[in-house]
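Down below is the structure, laid out as structure tokens.
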Amino acid sequence: YTTQDGRSDVAISCCCKVSGDVQQCYTAKERRLLQHTSAQLHAGETMTLQKLVWIDWRDDRQAALDEWGSASLRQLEMCAQQSYDQLLAASTENWRQWWQKRRITVNGGEAHDQQALDYALYHLRIMTPAHDERSSIAAKGLTGEGYKGHVFWDTEVFLLPFHLFSDPTVARSLLRYRWHNLPGAQEKARRNGWQGALFPWESARSGEEETPEFAAINIRTGLRQKVASAQAEHHLVADIAWAVIQYWQTTGDESF
């Protein structure tokens, strides 16, 4: 697949394993590839369906599309060679090591206090694209599609400090996301007649201002409501600068 802006490619590979004596066939309909599985089971018999999905994407396009797609498929094939228990054990060990360094333990209080902290840290990990400094944390994380996955100043103020004090390399990656998008911030400032940089209120991989000009229709007036955030909100520049200073003071990383 190719994203709507034509800048990135997405590869989705899928493998389905079914236990027992089954019949399978494949069809294509409305740009969908379908796998049909049928089986007859007697009372007390069980059938296990194991589905593995590998999702990959790129925007550098250094390799040919077929070559890149084949490499993504090989990753899925490597996973498919392992059993469910093996994959689960690898995931469990990865999480064990992560929790060992980062879990905050509450002594006393209500049981749900510990649960709430664990839940928050779990989401902090899964929604942080630590592997890619061209991406950052979406406003809704992985819990929904609100704000279309755009990035706000909340990342630097509320989320980055956790990574800074638990794994500074992740904090550095989040700050480099802003660095990669600095040209867009400088252009936005120039269009407004200012020097320096004005980062987008709603940021995305493009580096451009992604805040919509208008929001929903006002049910009282019947008119579209103007979204003023992109023009009126400037504190995010100081928020990002604050995060950079916090990173430098904590790590002493002069190279950054």
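Each value in this text was obtained by applying a stated rule to the coordinates, not by laboratory testing. Quick caveat, the model's predicted, so the values are computed rather than measured. With ideal geometry, Cβ positions are generated from the backbone for all residues, glycine too; neighbour counts draw on all protein chains shown.
Quick rundown of the values:
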{"read-out": "Average Cα contact separation per residue, the chain, under 8 Å, 6 or more apart, as relative contact order %", "value": "11 percent"}
{"read-out": "Proxy reagent accessibility, fewest Cβ within 10 Å first, across Val170, Val151, Val22", "value": "Val22, Val170, Val151"}
{"read-out": "Ser19 versus Asp253: modelled label distance in nm, points set 7 Å from Cα along the beta carbon direction", "value": "4.6 nm"}
{"read-out": "Exposure proxy ranking, count of Cβ atoms within 10 Å, fewest first, for Ser136, Ser255, Ser70", "value": "Ser255, Ser70, Ser136"}
{"read-out": "Euclidean distance between Cα centres, region 188-238 to region 1-45, Å", "value": "42 Å"}
{"read-out": "Cross-link partners of Lys29 among lysines (Cα-Cα below 21 Å; sequence separation of 8 or more within a chain)", "value": "Lys51"}
{"read-out": "Net charge contributed by nearby residues that have their C-beta within less than 15 Å of Ser91 (K/R +1, D/E -1)", "value": "0"}
{"read-out": "Rounded FRET efficiency, nearest 0.05, which uses the C-beta distance separating Thr169 from Glu45 and R0 of 41 Å", "value": "0.25"}
{"read-out": "Extension gain from Tyr119 to Gln225, taking 0.36 nm per residue of separation minus the Cα-Cα distance", "value": "34.6 nm"}
{"read-out": "Label point distance in nm, Val10-His235, each placed 7 Å from Cα along Cα→Cβ", "value": "3.4 nm"}
{"read-out": "Spherically averaged projected area in nm², based on the convex hull that wraps the Cα atoms of region 9-89", "value": "7.5 nm²"}
{"read-out": "Computed FRET value (nearest 0.05) for Ile55 with His112, which takes r as the C-beta separation and R₀ as 25 Å", "value": "0.15"}
{"read-out": "Extension gain from Lys29 to Ala130, taking 0.36 nm per residue of separation minus the Cα-Cα distance", "value": "32.7 nm"}
{"read-out": "Which of Leu52, Leu236, Leu223 has the fewest Cβ neighbours within 10 Å, and the rest in rising order", "value": "Leu223, Leu52, Leu236"}
